[in-house]
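Pasting in a structure now, in structure tokens, and then I'll have a few things to ask.
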Amino acid sequence: MRTTLSLFALILLTGTAAAAPSPVESRKIEQLIASVEQLRDAKFIRNGTAYDAGKAADHLRLKLREAGERIQSAEDFIRLCASRSSVSGKPYEIAFDDGRRITSEAFLNAKLKELQSSYDH
């Protein structure tokens with residue numbers, strides 16, 4: 001019985017550890033969120049409403065927490081949390097003060113590409 005309980009506990013701990021992204025992927029995700037949070041010359045458009053950078057970052061962190069174990073990588077985060085509304089399905093956009101507009105997916109994929117090069121060195 002003791003061996004069975006120990007084995008069960010080990011399986012649970014192993015499953016829990018596998019459920020979280022690696023430390024490197026977690027760091028990339030937080031850096032992506034920070035890149036949105038630092039946008040002082042832009043608004044984050046979600047379901048037709050503009051939000052400032054701080055509110056946008058808060059929303060992305062909330063979606064990340066809610067996604068739980070489905071997020072294993074920065075790519076998962078972009079695809080499942082940061083690209084579109086889970087309510088309406090509409091893409092998130094970033095509107096810059098100079099008039100440029102870009103999807104958050106494109107913005108974050110470009111940021112991730114920059115990050116990847118710094119992790120490769």
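The values are calculated or read from the model by the stated rules, or taken from the named source; none is laboratory data. These numbers were taken from a predicted model, which means no experiment stands behind them. Every residue, glycine among them, receives a Cβ derived from its backbone with ideal geometry; neighbour counts consider all protein chains shown.
For the stretch 77-91, does any single residue satisfy the condition of being of a type in the set (S, T, N, Q) and closer than 17 Å to residue 23 by Cα?
Looking through the stretch 77-91, none of the residues is of a type in the set (S, T, N, Q) and closer than 17 Å to residue 23 by Cα.
Of (1) in contact (Cβ under 8 Å) with a residue 60 or more places away in the chain; (2) in contact with an Asp or Glu (Cβ under 6 Å, 6 or more places away or on another chain); (3) β-branched (Val, Ile, Thr), residue 36 satisfies all except one. Which?
(2)
Right, next: Working only within the stretch 29-64, note down all residues that are of a type in the set (A, V, I, L, M) and closer than 20 Å to residue 79 by Cα.
29, 32, 33, 34, 36, 45, 53, 56, 57, 60, 62, 64
Just to be sure before I move on: is residue 118 small (Gly, Ala, Ser) and at pLDDT below 95 in the structure I sent?
Answer is yes for this residue.
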